[in-house]
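The values are calculated or read from the model by the stated rules, or taken from the named source; none is laboratory data. Source: prediction; values computed, not measured. Reconstructed Cβ throughout: ideal geometry from the backbone, glycine too, with neighbour counts over all protein chains shown. Ligands, DNA and RNA are excluded from the accessible area calculation, which covers all protein heavy atoms including side chains. Shrake-Rupley method; radii C 1.70, N 1.55, O 1.52, S 1.80 Å.
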Amino acid sequence: MAGNPFNMPLDGVRVLDLTQALAGPFATRFLGDLGAEIIKVEQPGVGDPSRQFGPYFLEGESAYFLGFNRNKKGVSINLRSEKGRSVFYDLVSISDVIFDNYRPSVLKRLGLEFEYLRHHNPTVISCSLSGFGHGNAYSEKPAFDGIIQAMGGGMSVTGEPGRPPMLMGFAVGDLAGGYTAALAIVSALFDRQRSGSGRRIDISLLDAQIALQGHLGQFALTSKQSPQPIGSGQPGNVPVGAFKCADGVYVQVHCATQRFWENLAIMLSREVSSLVGLPGDPRFSTPDGRRSHRDILIDMIRDAFLDKTSTQWLALLFEADVPSGAVNDLVQAQQDPEVQARDMVVEIAHPIAGVYRAAGNPIKMGQKEVFLPAPTLGQHTAETLMNLLGYSTSAVNQLRDAGTI
């Protein structure tokens, strides 16, 4: 029988989230937004290091942490103690997914390896998200987003020609790994419905970057030559680029097909007297020709765009059916009325930080959307142990007095 499409799609799924900082919490935020019960397990008195990440705080609460940890319950358990691990294993026995971003040696030291978890829950799904994956020469290397962007090739194609390598502004090393892990977990849950078996998932941030190379990676595999940075352009399609307008705003144009080029050329020939012959210019009539004369064509368009404001050009480009958009900063992007109309900026009420704004859920499938605030450290520990595991108030107090929780 078909389910109600307005229900949360991951209702009934329980995830024990051991991840910290960005990539893992980003993945579990998605799962939580889709209805999974996320139990964020942290070290008592310490918590996720990102609770201390600046530079922005709301009443002492890190904006960084608030952004990645909504729709989660906060439980603090000392996994370094035998009693703490016993409590954790009790939670494993009633959970669907155990998600960590530890190095392999840490998993072994804490007794969290897949084969051991399966003793407590034969159908559990265990996902590890690490810089380089498990079982290879890099496995114990520390990794952060910038290291992954560097080693995955992304920095080599970012920036302007002839300039030093640059990081992309977005943390694509971490974020792509988070997306990959979330997809892997949902896939394993679907497979378990058919097979009844758990899975061991090994996600590498570097692997995700190799996959994210996309068409540029395929060009390199085919030509055995590495693409170079090309600024706001693209090696295969011309014209593509950001053009400065009379009001100082840049507009990005992307002519990926012959039709879009022809639309642009006809529009420019009508609007700019010096480009009246552009549609029939044999140098630009084919994709190969435009690639061969890239610099000439880009200079012509760059000069033309200085004649009008961004508002004028965007209206003309839209009317001509040419892919285009203003180059927004982050605040401008967030304030776009269509972005807001799709609930991609939401307000969340936190007991300490107050009401704060955050990015919404990009996965739209008719489900209700609920955004609960990021938990304070250990906020739901007693509630979770008593309601899910049946611990008594006395047992919880004894664990707290012993520093186990």
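Among the residues of the stretch 294-331, write down those that are over 15 Å from Gln252 (Cα atoms) and open to solvent by 60 Å² or more (accessible area, probe 1.4 Å).
Of everything in the stretch 294-331, those that are over 15 Å from Gln252 (Cα atoms) and open to solvent by 60 Å² or more (accessible area, probe 1.4 Å) turn out to be Asp295, Ile296, Asp307, Glu319, Leu330, Val331.
Scan the stretch 277-288 and tell me whether some residue there is within 30 Å of Thr19 (Cα to Cα), of a type outside the set (A, V, I, L, M, F, W, C) and touching a helix residue (DSSP H, G or I) at 6+ places or on another chain (Cβ under 6 Å).
no
Would you pick out the residues in the stretch 238-248 that are surrounded by fewer than 17 Cβ atoms within 10 Å (Cβ to Cβ), touching a residue at least 12 places away in the same chain (Cβ under 8 Å) and assigned to a loop (DSSP other than H, G, I, E, B)?
Ala246, Asp247
Give the residues of the stretch 157-186 that are open to solvent by 60 Å² or more (accessible area, probe 1.4 Å) and more than 18 Å from Asp100 (Cβ to Cβ), sorted by residue number.
Listed by number, the residues that qualify are Glu160, Pro161, Gly162, Arg163, Pro164, Pro165, Met166, Leu167, Met168, Gly169, Phe170.
Looking at the stretch 357-374 only, could you name the residues that are over 20 Å from the mean Cα position of the chain (by Cα) and either exposed (fewer than 15 other Cβ atoms within 10 Å of the Cβ) or under 14 Å from Asn69 (Cα atoms) (or both)?
Of everything in the stretch 357-374, those that are over 20 Å from the mean Cα position of the chain (by Cα) and either exposed (fewer than 15 other Cβ atoms within 10 Å of the Cβ) or under 14 Å from Asn69 (Cα atoms) (or both) turn out to be Gly366, Lys368.
Quick one: would you say Gln379 is at pLDDT 95 or above, open to solvent by 80 Å² or more (accessible area, probe 1.4 Å) and assigned to a loop (DSSP other than H, G, I, E, B)?
Taking the combined requirement at face value, the residue satisfies it.
With a cut-off of at least 2 residues that are under 25 Å from Leu216 (Cβ atoms), name the helices (runs of 4 or more DSSP H) lying wholly within the stretch 76-178.
Passing ranges, in order: 145-151.
Looking at (1) over 30 Å from Leu112 (Cα atoms); (2) in contact with a strand residue (DSSP E or B) (Cβ under 8 Å, 6 or more places away or on another chain), which is the one condition that is false for Gly280?
(2)
Can you list residue pairs whose Cβ atoms sit under 6 Å apart, with the first residue in the stretch 303-315 being touching a residue at least 24 places away in the same chain (Cβ under 8 Å) and the second being open to solvent by 50 Å² or more (accessible area, probe 1.4 Å) and among the charged types (D, E, K, R)? Count only pairs 6 or more apart in sequence or on different chains.
Filtered contacts from the stretch 303-315: Thr309/Asp247; Ser310/Asp247.
Name the residues in the stretch 249-275 that are open to solvent by 60 Å² or more (accessible area, probe 1.4 Å) and either of a type in the set (Phe, Trp, Tyr) or touching a Lys or Arg at 6+ places or on another chain (Cβ under 8 Å) (or both), would you?
Tyr250, Glu271
In the stretch 12-27, how many residues are in a loop (DSSP other than H, G, I, E, B) and either of a type in the set (A, V, I, L, M, F, W, C) or in contact (Cβ under 8 Å) with a residue 40 or more places away in the chain (or both)?
Qualifying residue count for the region: 6.
Looking only at the stretch 113-156, filter to residues that are more than 12 Å from Gln209 (Cβ to Cβ) and acidic (Asp, Glu); which one of those is surrounded by the most Cβ atoms within 10 Å (Cβ to Cβ)?
Glu113
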